[in-house]
Amino acid sequence: MSVIVILVVVAILAGLIVLVVIGAKRAKTQDVDPLESRLAEFSQRGEAVSLEEIELSQPFVDRVILPFIRHLGEISSRFTPQHVLEQTRKKLELAGNPGNIDASTFMVLHFVMAGVFGGLVLLLSLSSKTFTLPVKMLLVVVFTLLGYVFPDLYLKSKIDRRQKSVRKAMPDALDLLTICVEAGLGFDAAMSKVNEKWDNELAVALGRVIREIQLGKLRRDALRDMADRLGISEMTSFVAAVIQSETLGVSMAKVLRVQADQMRIKRRQRAEEEAHKAPIKMILPLGLFVFPALMIVLLTPAGLKLWRSLGSIV
């Protein structure tokens, strides 16, 4: 079994495991207890079932794997420094809290994924006779480390994707806020309109702000918390402008219009920056794939003729 086959099999198995776990966690993003929902469903049907039967009707991941990981997270939180948990909690908030997991459970995922990656490579290496023992041990160590850092890489990609989505949606959202405010709506009602019309990360963040305001939090505090959860400079400057206009009594519509123009200019500048980076990013694939193929196509006929001419002379 070659190393390419091993890597492909490991990648496929690890991807399937990650997709199963993430899918199971996303299914529980709502605040409703699955046991209570199933109990209400059976009671509406009029069927007499016990709590044990309802629990056994849940998937194996929800019944065994996720509770076991949470239990490990509770144990590991006792030995993890508090600042590490706070940093992890902050990253989860920046990523939009994917899977609705806490910081301790996410810390345990490092060791779980390290064991999964390292265990799969160990099993495959034991069944292979192609490599020597040092090479097998090196592969196990490398993939164990890769599994350990995999949750952090996944979380960073979620943070970047979420922030990019918010930056892309901000100019259009501010235009809609401006139109609603100029039409006579209040700022809270304008945010509700954005939350109703769109289904993206920015709309979800504004919806959370509205719910917090309805629960009694001050608007400026709710907006500051939203800026902290998103972690982008554009949202921080927008929130500061809104709070300042509210404090000084400046027209909200004018502030929103100015902010929308600035966000649109920044979006155009980011697009131009990405366009300027494209030639540099193309150097590596050109050097690895395109140029060697061109050299083979162009130089092979000349090389064959030169070989034949040298062979006839000899």
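No value in this document is a laboratory result; all are computed from the given coordinates. Being a predicted model, the structure only gives us computed values, none of them experimental. No Cβ is skipped: glycine too gets one built from the backbone with ideal geometry, and neighbour counts run over all protein chains shown.
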Lys, Arg +1 and Asp, Glu -1 on Cβ, resulting dipole of region 164-278 about Cα centre, debye, nearest 20: 160
Spin-label model distance (nm) - Ser233 vs Phe289, 7 Å beyond Cα toward Cβ: 3.4
More than 26 Å apart - percent of Cα-Cα pairs taken over region 164-278: 14
Listed residues Ser157, His110, Leu124: farthest to the positive end of the dipole of region 102-218 (Cβ charges): Leu124
Ordering of 285-293, 145-153 by burial proxy (mean other Cβ atoms within 10 Å per residue, highest first): 145-153, 285-293
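Give me Thr236, Thr132 sorted ascending by neighbouring Cβ count inside 10 Å, so fewest comes first.
Working: Thr236 16, Thr132 9.
In increasing order of surrounding Cβ atoms, one gets Thr132, Thr236.
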Asn100-Leu123 pseudo-label distance in nm [points 7 Å out on the Cα-to-Cβ vector]: 3.1
Inter-label distance for Thr80 and Val142, nm, one decimal - labels placed 7 Å from Cα along Cα-to-Cβ: 2.9
